[in-house]
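A short worksheet on the structure shown next.
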Amino acid sequence: MGRLLAFVFVIVLVVVGLSFAMLNSQPVTLNYYFGTRDIPLSLIVVVAVAIGAVIGMLASLGSVIRLKQQAGRLRRQLRTARKDADQVRLLP
């Protein structure tokens, strides 16, 4: 059921994206440091969102790495604590 719902969500997202691209297909002049170019507005918006997503992922990368290291450290501590608890249970 979850996979079907995800598939439907992706299909709806693609349809909305395509309709957005069709409604905003007018060329817009993009001025950048090395010149100008006429590019469809929808392409500019999609590229801007993609760049924002990449910057967001890069910004959170440090936190993700730190949390993965902490999880590994806690797993090792848990393994050690379980071994110690098993040894205590074996004592008379």
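How many residues are part of a loop (DSSP other than H, G, I, E, B) and among the hydrophobic types (A, V, I, L, M, F, W, C) if we restrict to the stretch 1-51?
2
Need the failing condition index for LEU43 against (1) more than 24 Å from the chain's Cα centre (by Cα); (2) of a type in the set (A, V, I, L, M); (3) surrounded by 10 or more Cβ atoms within 10 Å (Cβ to Cβ), just the number.
(1)
Conditions: (1) modelled with pLDDT of 85 or more; (2) part of a helix (DSSP H, G or I). ARG89 meets all but one. Number of the miss?
If we test ARG89 against (1) modelled with pLDDT of 85 or more; (2) part of a helix (DSSP H, G or I), just (1) comes out false.
If you go through the stretch 47-80 one residue at a time, how many are more than 30 Å from LEU30 (Cβ to Cβ) and of a type in the set (Ser, Thr, Tyr)?
Qualifying residue count, the stretch 47-80: 2.
The values are calculated or read from the model by the stated rules, or taken from the named source; none is laboratory data. Only a predicted model underlies this, so the values are computations on that prediction, with no experimental measurement involved. With ideal geometry, Cβ positions are generated from the backbone for all residues, glycine too; neighbour counts draw on all protein chains shown.
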